[in-house]
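Single-structure report; data block below.
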Amino acid sequence: MLNFSNKSELLEAVTISLIENINEPKAGGKWQAELERLCKSYLELLGIYPGLLETLLSMDTFGPAQLFNQRLAIALAPLQLTQTAFTQALGLLVDYIHGVALAMQCKPDALSSDCIEGPLSLICSAIED
C-alpha cells in the first residue's frame, strides 16, 4: 500500500501516472514526427481528463512537467540544442500546446489534436534554425 504524507504528494503521484501515458519518443526517430506524436498524445490526454490542465498548471511540484521535459528532450535530441535553446523551445511549445488544450476544452466538437499540424510545422522550423 502506498502512503502519502499529504494531499500534494497524492496529487503529484496521480498526475505523474497520467502523464506517463503520453507518447514516449523513440531515440533516433525523425524528430519532427516524434515531436508531433508527443504533442498530440499530450493534447489527447488533456482532453480525456477535464481539469488535468488546470491541475498541472497549479501544482507547486515539478514531477509531471519533468516527465514531459524528459520526453521532449528525447524527441529533440537529434538537434543537439544548447540548454538555452532547449529551454526556449520548451517554453514556446508548452505555451502553444496549453493554449490549444484550452481552446479544445472550450470547443470540443470543433477542434482535435490534428489542428496543431500546421502551426507545429512552423514551430519545428523555428526550433531547427
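A short reminder: the numbers here are calculations on the coordinates, not readings from a lab. All figures in this text were calculated on a predicted structure; none of them were measured in a lab. Here the Cβ is made from the backbone with ideal geometry for all residues, glycine too, and neighbour counts use every protein chain on show.
Numerical summary
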item	result
Ratio Rg/Rh [Cα only; Rh per Kirkwood] for the chain	0.98
Gain on full stretching of the segment that runs from Ala77 to Tyr49 - 0.36 nm per residue minus C-alpha separation	7.1 nm
For segment 92-99, Karplus couplings with θ = phi - 60° (6.51, -1.76, 1.60), whole Hz, Gly/Pro x	4, 5, 5, 4, 5, 4, 5, x
Lys, Arg +1 and Asp, Glu -1 on Cβ, resulting dipole of the chain about Cα centre, debye, nearest 20	140 debye
Difference of contour (0.36 nm per residue) and Cα-Cα distance, Ser8 to Lys30	4.2 nm
Hz values of 3J(HN,Hα) by residue in segment 123-129 - Karplus curve (6.51, -1.76, 1.60), Gly and Pro given as x	4, 4, 4, 5, 5, 5, 7
Pairwise centroid distance, computed over Cα atoms, of segment 1-38 with segment 79-129, Å	18 Å
Per-residue HN-Hα couplings for segment 73-80 [Karplus 6.51, -1.76, 1.60; θ = phi - 60°; Hz; x = Gly/Pro]	4, 5, 4, 8, 3, x, 7, 6
